[in-house]
Amino acid sequence: MTDGLRKGLTSYGDAGFSLFLRKVFIKAMGYSDDALNRPIVGITNTYSDYNPCHGNVPQIIEAVKRGVMLTGAMPMVFPTISIAESFAFPTSMYLRNLMAMDTEEMIRAQPMDAVVVIGGCDKTLPAQIMAAVSADLPTVVIPVGPMVVGHHKGEVLGACTDCRRLWAKYRAGEIDDAEIEAVNGRLAPSVGTCMVMGTASTMACVTEALGLSLPMSATIPAPHAERFRLAEASGKVAAAMAKAKGPKPSELLTKSSFRNAQVVLQAIGGSTNGLIHLTAIANRTPHRVDLEVFDKLGREVPVLVDLKPSGEHYMEHFHHAGGVPKLMAQLGGLIDLDAKIITGQTLRDVVAAAEEVPGQDAIRPRNDPIKPEGAMAVLHGNLAPRGAVIKHSAASPKLLQHTGRAVVFESVEDMTLRVDDPALDVNADDVLVLRNAGPKGAPGMPEAGYLPIPKKLGRAGVKDMVRISDARMSGTAFGTIVLHITPESAAGGPLGLVKNGDMIRLDVEKRSIDLLVDAAELEKRRAALKPAAAPDWAKRGYAYLFNETILQADEGCDFDFMRGKGKR
Ligand code: FES
């Protein structure tokens, strides 16, 4: 028997002794034989003083344990890495794959029949799902849930779309020091993840659409009692899965479920990061996220959820309006309702149970969408041979077809130093270009794609400009911003060939991004480029592994040897 405590015995060359020894030590914690003979549900603990988004994790864990024990199994909590957006240097994305490796190996190394992963702050859910998919043990995902909203002078505020909006006002001189300080204490009024449709909310909704979490788990606010009841119910489901030995992620994650996830990603006005994470998750399965198919879906799927930054509301309003089940009900035939979820039910059952909330306006019907097309478009052109992404639902309509003069920044540091220089030759019609900010270049593809409007233009009332880069952008950000230009400049992409004053043409309707410089001139510039040397930061340790094996954005930025079949 290789279940429960007998699973994955430590190698001492004598299985009986290995089990004997394991029981000797675990009994030191006071467990009885009755407890130790039960199926085991592992529960990840990502609580950290550095991660306020995960502030309710201890309470969630207690509720999960209750659910597991009520169902006759044994809960065992174990720690993994925790990553918080604003506490990760150089950027949280640099650590996502480390967390995925840590979580996968700890699921594999320790005896458990099912696992509950509890996460939320942007990179954590993707890392945990990548791990769960690779370990392929029955898995229940519990997002920690969004914060409740803040209030300031009668206005409803949310992290961090309003952080950016108000900081831009402060930079433009419209808000003084005292007010920005007051706002600083009001933007995040509770534990939980950012309550706009940022990456955390996006990935929680995508997880629900993939069938890996219980219905409504994406949207219940982090401090609400309902969140802990959901955790208890999740514990019960995990215990049942441990006993039944399924369903495993490999049984739930099908071509249809990935398509459903992409439809939901478009319909919620989701974060561009969601596309990278979903691609990385799919690449650990036999399925793929095809950028062309994703773009085509974007033309068919309307944005129905009215949340910032594409719309007006916040996650708690989405929740009270019926959450992801109601959204999928509104999407109707765009969702494959035969897809299965962790409980063994189908999305048809989930949608049938969706609540009807009279008068709600956070989830629109298909005949009255927020935007007739989906949130994101995939662009190609001589600047982005393998693609680039724009969240056009949060862009300025008048800039979606635009030709402008390039103002180039060599790196994030260069941009930080020069963007506010009064002597910078820049005007509102120019295109701000940031390079060397991709997966290898920065490293870790920081969320620097939301280049600030140069102060002198901000003060003159300019609210948006076309900005392009090989970086990412926070899902909470907005503007006419082209991201994930692939290949990145540090990997020889054509973004590295742009010079100040070149003309760049963006045409979102035609899905194109082009540098208006002839091919012969570009060839000349390419020939003059010096071959890239291995950067100093990448000489040892995790940094070395990262630099050697990180994939580009169109492949999900996983390590090349971590994909489903390993290194190809
Ligand atoms: Fe953690 Fe936004 S900072 S979810």
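The values are calculated or read from the model by the stated rules, or taken from the named source; none is laboratory data. What you see is a predicted model, and the numbers here were worked out from it, not measured in a lab. Note: ideal-geometry Cβ built from the backbone for every residue, glycine included; neighbour counts use all protein chains shown.
Only a single item in (1) in contact with a Gly (Cβ under 8 Å, 6 or more places away or on another chain); (2) within 30 Å of Pro535 (Cα to Cα); (3) of a type outside the set (A, V, I, L, M, F, W, C) is not met by Pro494, and it is number (1).
Listed here are the residues, each with its yes/no results for (1) hydroxyl-bearing (Ser, Thr, Tyr); (2) touching a helix residue (DSSP H, G or I) at 6+ places or on another chain (Cβ under 9 Å).
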| site | (1), (2) |
| --- | --- |
| Val144 | no, yes |
| Val149 | no, yes |
| Ala159 | no, no |
| Cys163 | no, yes |
| Asn184 | no, yes |
| Thr199 | yes, yes |
| Leu214 | no, yes |
| Ala233 | no, yes |
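Of the residues making up the stretch 314-327, those that are crowded, with 24+ Cβ neighbours inside 10 Å and within 16 Å of Pro369 (Cβ to Cβ) are Phe318, Lys326, Leu327.
From the residues in the stretch 541-559 that are free of Cβ contacts under 8 Å to residues at least 40 places away in the same chain and touching a strand residue (DSSP E or B) at 6+ places or on another chain (Cβ under 8 Å), which one is surrounded by the most Cβ atoms within 10 Å (Cβ to Cβ)?
First pass over the stretch 541-559, keeping only residues free of Cβ contacts under 8 Å to residues at least 40 places away in the same chain: 541, 544-545, 548-549.
If we keep only those that are touching a strand residue (DSSP E or B) at 6+ places or on another chain (Cβ under 8 Å) too, we end up with 545, 549.
Values: Leu545: 16, Thr549: 14.
Looking at the filtered set, the residue picked out is Leu545.
Here Leu253 meets each of (1) away from the ligand (no atom under 14 Å from the Cβ); (2) farther than 24 Å from Met69 by Cα; (3) touching a helix residue (DSSP H, G or I) at 6+ places or on another chain (Cβ under 6 Å); (4) touching a residue at least 24 places away in the same chain (Cβ under 8 Å) with one exception, condition (3).
Between Tyr12, Tyr31, Tyr47, the distinction of being within 16 Å of the ligand (Cβ to nearest atom), of a type in the set (Phe, Trp, Tyr) and not in a helix (DSSP H, G or I) belongs to Tyr47 only. Sub-6 Å Cβ pairs linking a first residue in the stretch 444-455 that is of a type in the set (A, V, I, L, M, F, W, C) to a second residue that is in a loop (DSSP other than H, G, I, E, B) and surrounded by fewer than 23 Cβ atoms within 10 Å (Cβ to Cβ), at least 6 apart or interchain, are Ile453/Val462, ordered by first then second residue. Close contacts from the stretch 81-96, counting a first residue that is under 17 Å from Thr549 (Cα atoms) and a second that is away from the ligand (no atom under 11 Å from the Cβ) and in a helix (DSSP H, G or I), with Cβ to Cβ under 7 Å and a gap of 6+ residues or different chains, come to Tyr94/Phe546; Arg96/Pro126; Arg96/Ala127. Of the listed requirements (1) surrounded by 20 or more Cβ atoms within 10 Å (Cβ to Cβ); (2) over 20 Å from Gly67 (Cα atoms), Pro189 misses just one: (1). Looking at the stretch 150-158, can you tell me whether even one residue there is within 13 Å of the ligand (Cβ to nearest atom), buried (at least 20 other Cβ atoms within 10 Å of the Cβ) and modelled with pLDDT under 95? Within the stretch 150-158, one or more residues are within 13 Å of the ligand (Cβ to nearest atom), buried (at least 20 other Cβ atoms within 10 Å of the Cβ) and modelled with pLDDT under 95. When restricted to residues that are buried (at least 21 other Cβ atoms within 10 Å of the Cβ) and within 15 Å of the ligand (Cβ to nearest atom), the stretch 50-70 contains 5.
Selection of the stretch 432-465 for residues being of a type in the set (Lys, Arg), assigned to a loop (DSSP other than H, G, I, E, B) and surrounded by fewer than 16 Cβ atoms within 10 Å (Cβ to Cβ) yields only Lys463. Figure legend. Inter-residue proximity from the stretch 105-120: first residues under 19 Å from Leu214 (Cβ atoms) and touching a residue at least 60 places away in the same chain (Cβ under 8 Å), second residues within 16 Å of the ligand (Cβ to nearest atom) and in a strand (DSSP E or B), beta-carbon distance below 6 Å, spacing 6+ or different chains. Indicated pairs: Val117/Val141; Ile118/Ile142; Gly120/Pro143; Gly120/Thr193.
Of the residues that sit in the stretch 71-114 and are within 16 Å of the ligand (Cβ to nearest atom) and closer than 26 Å to Thr10 by Cα, which one is surrounded by the fewest Cβ atoms within 10 Å (Cβ to Cβ)? The qualifying residue surrounded by the fewest Cβ atoms within 10 Å (Cβ to Cβ) is Ile81.
Among the residues of the stretch 248-285, those identified as within 21 Å of Thr476 (Cβ to Cβ) and of a type in the set (A, V, I, L, M) are Ala261, Val264, Leu265, Ala267, Ile268, Leu275, Ile276, Leu278, Ala280.
Going by the conditions given, is Ala242 modelled with pLDDT of 95 or more, assigned to a helix (DSSP H, G or I) and of a type in the set (Gly, Ala, Ser)? It is true that Ala242 is modelled with pLDDT of 95 or more, assigned to a helix (DSSP H, G or I) and of a type in the set (Gly, Ala, Ser).
Select, from Ala423, Ala362, the only residue that is hydrophobic (A, V, I, L, M, F, W, C) and touching a Phe, Trp or Tyr at 6+ places or on another chain (Cβ under 7 Å). Give the steps one after another, and end with the answer.
Values: Ala423 fails: touching a Phe, Trp or Tyr at 6+ places or on another chain (Cβ under 7 Å).
None of the others qualify; the one that does is Ala362.
Restricting Met216, Met130, Met203 to residues that are away from the ligand (no atom under 16 Å from the Cβ), at pLDDT 95 or above, surrounded by 24 or more Cβ atoms within 10 Å (Cβ to Cβ) and among the aliphatic types (A, V, I, L, M) narrows the list to Met130.
May I ask you to verify whether Arg364 is over 13 Å from Ala209 (Cα atoms) and of a type outside the set (A, V, I, L, M, F, W, C)?
Values: over 13 Å from Ala209 (Cα atoms): yes; of a type outside the set (A, V, I, L, M, F, W, C): yes.
When the stated conditions are applied, Arg364 passes them.
Is the stretch 518-539 home to any residue that is surrounded by 12 or more Cβ atoms within 10 Å (Cβ to Cβ), within 25 Å of the chain's Cα centre (by Cα) and not small (Gly, Ala, Ser)? Looking for residues that are surrounded by 12 or more Cβ atoms within 10 Å (Cβ to Cβ), within 25 Å of the chain's Cα centre (by Cα) and not small (Gly, Ala, Ser), one finds none in the stretch 518-539, hence no.
Screening the candidates Ala204, Ala172, Ala209 for the property of being over 15 Å from Leu327 (Cα atoms) and touching a residue at least 24 places away in the same chain (Cβ under 8 Å) yields one hit, Ala172. In the stretch 134-149 there is at least one residue that is touching a residue at least 40 places away in the same chain (Cβ under 8 Å), among the small types (Gly, Ala, Ser) and within 12 Å of the ligand (Cβ to nearest atom). Taking Ala538, is it in contact (Cβ under 8 Å) with a residue 12 or more places away in the chain and out of contact with any Asp or Glu (no Cβ under 8 Å at 6 or more places or on another chain)? Taking the combined requirement at face value, the residue does not satisfy it. For the stretch 3-45, the set of residues classified as among the aromatic types (Phe, Trp, Tyr) and closer than 20 Å to Ala73 by Cβ consists of Tyr31 only.
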